[in-house]
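Report on the following structure.
The values are calculated or read from the model by the stated rules, or taken from the named source; none is laboratory data. On a predicted model such as this, the values are computed, not experimentally measured, just so you know. Note that we place each Cβ from the backbone using ideal geometry, even for glycine, and neighbour counts take in every protein chain shown.
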């Protein structure tokens, strides 16, 4: 960045915790979350650089600079970290060593140690319990002896989940009881796993929140989530919860942000139980699919919130700017019979289209989303579903 009428670059202020516009925010990960972060960062006047093992990911399309290399390439990581002013993550399965290497040269927000925690379900649950948050009963399964112990500890219905690299329902097997546990573990390749008791929840909700360098906290209203085939299908906002439940969710968000020492955005997925109790399902230290509607529906979207936190700026407002909203995911299945009819959805009032620029549409792959607004949450959700259905050729 140069001063008006001058060819000399402005010196980025790195004497305190904030970075001036013109600084470069680096992101590990090249997917759609990185793409939307890049758009938000550039609106604030920041440069944006991507490090990814994907040569043509969506984030690279909006980046000032894109580096393709392995996350295990220490020299490439060192060079990237030296070339940016701060680093963040767009997904949590980046090897935690990447964050450790980057931290030698610039701020890493959230800290790389948090990646190490959330990359393993056992560590994540131990961490959540350690700061006093409620989770479903669980037991580790890393050996035949632990398998037998888990069967005794959780003899009823449960879900066996791989400890690492599970998402969108992958790496999970439901079991009706302990008698099915061994076969389920075999189906997962006897990988390290966690057995969780099956939770009889009434609703699934999520809350996106952020914490700044100065410890300030911003919490969005909770979102209601509907899934299809273990993939988020439609999110509605607001979730329309009793005041006591809303207050409990806010409390959980604050405890998680402070207890885990998060600087950045954190999403917490939650189960609401019949009696009003709230359980934490899992966390993601980054913007989340369920928060995409904030781009069109809130004063400060989750991606600008991430950029602000990473740069050390004040956090923005989490207020909704208008009526209720809903988000519907667009999966690659929509392309099965040809190019979707974008004109139909865009002709509908109160509907916003977001495409991620992915080169190949595959079944189950997130290719974009629609946001719709309505007089009520139910109307917004109905409009989002109708707009998506209209896309079919």
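Of the conditions (1) within 17 Å of the chain's Cα centre (by Cα); (2) within 30 Å of residue 173 (Cβ to Cβ), residue 277 fails just one. Which one is it?
Failed condition: (1).
Specify which of the listed residues (110, 95) is within 17 Å of the chain's Cα centre (by Cα) and more than 26 Å from residue 254 (Cβ to Cβ).
95
Going by what's in this entry, would residue 148 be described as surrounded by fewer than 19 Cβ atoms within 10 Å (Cβ to Cβ) and under 23 Å from residue 59 (Cα atoms)?
no
What residue, of 369, 354, is under 25 Å from residue 223 (Cα atoms) and crowded, with 21+ Cβ neighbours inside 10 Å?
Selected residue: 369, the only one of 369, 354 that is under 25 Å from residue 223 (Cα atoms) and crowded, with 21+ Cβ neighbours inside 10 Å.
Residues of the stretch 230-286 being touching a residue at least 60 places away in the same chain (Cβ under 8 Å) and more than 25 Å from residue 122 (Cβ to Cβ), which ones?
Correct list: 233, 234, 235, 236, 237, 238, 239, 240, 274.
Filter the stretch 121-145 for residues that are out of contact with any strand residue (DSSP E or B) (no Cβ under 8 Å at 6 or more places or on another chain) and farther than 18 Å from residue 261 by Cα; which is surrounded by the fewest Cβ atoms within 10 Å (Cβ to Cβ)?
So, considering only residues that are out of contact with any strand residue (DSSP E or B) (no Cβ under 8 Å at 6 or more places or on another chain) and farther than 18 Å from residue 261 by Cα, the one surrounded by the fewest Cβ atoms within 10 Å (Cβ to Cβ) is 145.
Is there a residue in the stretch 249-259 that is over 19 Å from the mean Cα position of the chain (by Cα), surrounded by fewer than 24 Cβ atoms within 10 Å (Cβ to Cβ) and on the phi > 0 side of the Ramachandran plot?
Scanning the stretch 249-259 turns up no residue that is over 19 Å from the mean Cα position of the chain (by Cα), surrounded by fewer than 24 Cβ atoms within 10 Å (Cβ to Cβ) and on the phi > 0 side of the Ramachandran plot.
Given the condition within 19 Å of the chain's Cα centre (by Cα) and under 30 Å from residue 24 (Cβ atoms), answer yes or no: does some residue in the stretch 149-172 qualify?
For the stretch 149-172, residues within 19 Å of the chain's Cα centre (by Cα) and under 30 Å from residue 24 (Cβ atoms): present.
For the stretch 271-297, name all the residues that are farther than 18 Å from residue 32 by Cβ and assigned to a strand (DSSP E or B).
The answer is 271, 272, 278, 279, 280, 281, 282, 283.
Just to check your reading of the model, which residue among 345, 381, 336 is surrounded by fewer than 21 Cβ atoms within 10 Å (Cβ to Cβ), more than 27 Å from residue 49 (Cα to Cα), in the same structural domain as residue 231 (by TED's automatic domain parsing) and in contact (Cβ under 8 Å) with a residue 24 or more places away in the chain?
336
Of 45, 31, which residue is at pLDDT 95 or above and under 20 Å from the mean Cα position of the chain (by Cα)?
Just one listed residue meets the conditions, 31.
Tally the residues that are in contact with a strand residue (DSSP E or B) (Cβ under 9 Å, 6 or more places away or on another chain) and without any contact (Cβ under 8 Å) to a residue 60 or more places away in the chain, restricting the search to the stretch 27-85.
31
Of everything in the stretch 310-364, what is within 23 Å of the chain's Cα centre (by Cα), part of a loop (DSSP other than H, G, I, E, B) and under 19 Å from residue 296 (Cβ atoms)? Give them in sequence order.
Within the stretch 310-364, 316, 317, 318, 319, 321, 324, 356, 357 qualify.
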